[in-house]
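Down below is the structure, laid out as structure tokens.
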Amino acid sequence: MRRILRESVKVGMTLAQPVYGVNGQIVLNSGVELSDFHISKLVEMDVKYIYIQGQAPLIDEDDTVAQNAKNEFILAAHLALDEIQVGKYVETGTIKSRVLALLDEGCMLKDIQPVFTAMQNCNDYLFKHAVCGYFYAMLMGIHYGIKGERLRDLGLGALLRDVGMLTISRDIINKPGSLTPEEMAVVKQHTEKGYDILRRNPEISLSAANCALQHHERFNGSGYPRGTKASNIHEFAQITALADVYSSMTANTPYRKALSVYDTLAIIAKAGAAYFNPELIRVLAGNIAIYPLGAVVHLNDKTVGIVNDYADELRTKPILHIVRNQSGERVNQVVTIDMENSPGLYIAEVS
């Protein structure tokens, strides 16, 4: 028996426990094989989750150690996503609860929870990087209309993409300086080792495992471990690869400080089709407000403005309504600055 979210329900699944109506009456009994009609009733009743037969075992509700581990993992994921919301101009509220609900569902699987726990205990950066990359992958996946079990598979694959790092020496993972070529070669093995780990887990699909194997592949074949190109890279791995790079570039790592959202997207946009699926770049940029509408920005010449519009598709060049001039005096007339056509000016601070 397994608890799953309503959006993960498929035709042909069999109920393991009854579904009750608002007055306590049984609407669907245990043993019912679900049809499209039954699923539409679940939607109509706003049922959040159901219990189905023939699936992977869940962690025992009486296993306090496992339940506490699950709760700690979800709490830590909450905190990681809060950092995204505060520091990286991403409106997480619209999908945060949905993403965390799917994460909670994954944490309840008996065979998968130990993998989550091992990653959390391995390295603080590795854990946060896993959760943040998971969020961005889900952001793109939801935009693309990926649903149900496929969304679950994408989420598990993105979250566990670096599980192979658990096989790498802690001395290498936690090394404060640059890695030697020999150490880097060892680190690169994490893709194939991660794939092997996930393929041994019956709850991980091949699509999810490919996220671990291919998330360092690049569209022009310059990635590793196999130099796979373009459409030969699995769709989920393409999404995970971009999410992984964006998450890494906008986070402080043992090797360097975080880049700004603007600089990160500019670099990714410049790399374009050489490294990533161009459509995915547009999807990611379209869901990240580098300079949100209505944000107050301070220019390098002391001018203060409010973001009113954008001059480019990626929204890296805002059009500003100026509210204070270089002397700090309020501007009463309508004055706008197009950052795309203003050489010498740049945004120094967003408040």
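The values are calculated or read from the model by the stated rules, or taken from the named source; none is laboratory data. No experiment lies behind these values; they were computed from the predicted model shown. Methodologically, a virtual Cβ is constructed for each residue, glycine included, from the backbone with ideal geometry; neighbour enumeration extends over all protein chains shown.
Taken over the stretch 179-202, the residue count meeting the criterion of being outside any helix (DSSP H, G or I) and either buried (at least 19 other Cβ atoms within 10 Å of the Cβ) or at pLDDT 95 or above (or both) is 2. At least 2 residues being modelled with pLDDT of 90 or more and touching a helix residue (DSSP H, G or I) at 6+ places or on another chain (Cβ under 9 Å) is the threshold, and among the helices (runs of 4 or more DSSP H) wholly inside the stretch 204-308 those reaching it are 206-214, 235-249, 278-286. Among the residues of the stretch 1-33, the one identified as touching a residue at least 40 places away in the same chain (Cβ under 8 Å) and of a type in the set (Gly, Ala, Ser) is 8. When you scan the stretch 1-81 for strands (runs of 3 or more DSSP E) that lie fully inside it, which ones turn up with 1 or more residues that are under 29 Å from the mean Cα position of the chain (by Cα)? Of the strands (runs of 3 or more DSSP E) lying wholly inside the stretch 1-81, those with at least 1 residues that are under 29 Å from the mean Cα position of the chain (by Cα) span 2-5, 49-52. Residues satisfying the criterion are absent from the stretch 82-92 (criterion: small (Gly, Ala, Ser) and either under 25 Å from residue 50 (Cα atoms) or at pLDDT 85 or above (or both)).
Please work out if residue 315 is modelled with pLDDT of 90 or more and outside the structural domain of residue 84 (by TED's automatic domain parsing). First the steps, then the outcome.
Working: modelled with pLDDT of 90 or more: no; outside the structural domain of residue 84 (by TED's automatic domain parsing): yes.
Judged against the criteria, residue 315 is not a match.
Sub-6 Å Cβ pairs linking a first residue in the stretch 142-161 that is crowded, with 16+ Cβ neighbours inside 10 Å and among the hydrophobic types (A, V, I, L, M, F, W, C) to a second residue that is outside any helix (DSSP H, G or I) and at pLDDT 95 or above, at least 6 apart or interchain, number zero.
In the stretch 320-351, what residues are within 29 Å of the chain's Cα centre (by Cα) and either surrounded by 14 or more Cβ atoms within 10 Å (Cβ to Cβ) or hydrophobic (A, V, I, L, M, F, W, C) (or both)?
347, 348, 350
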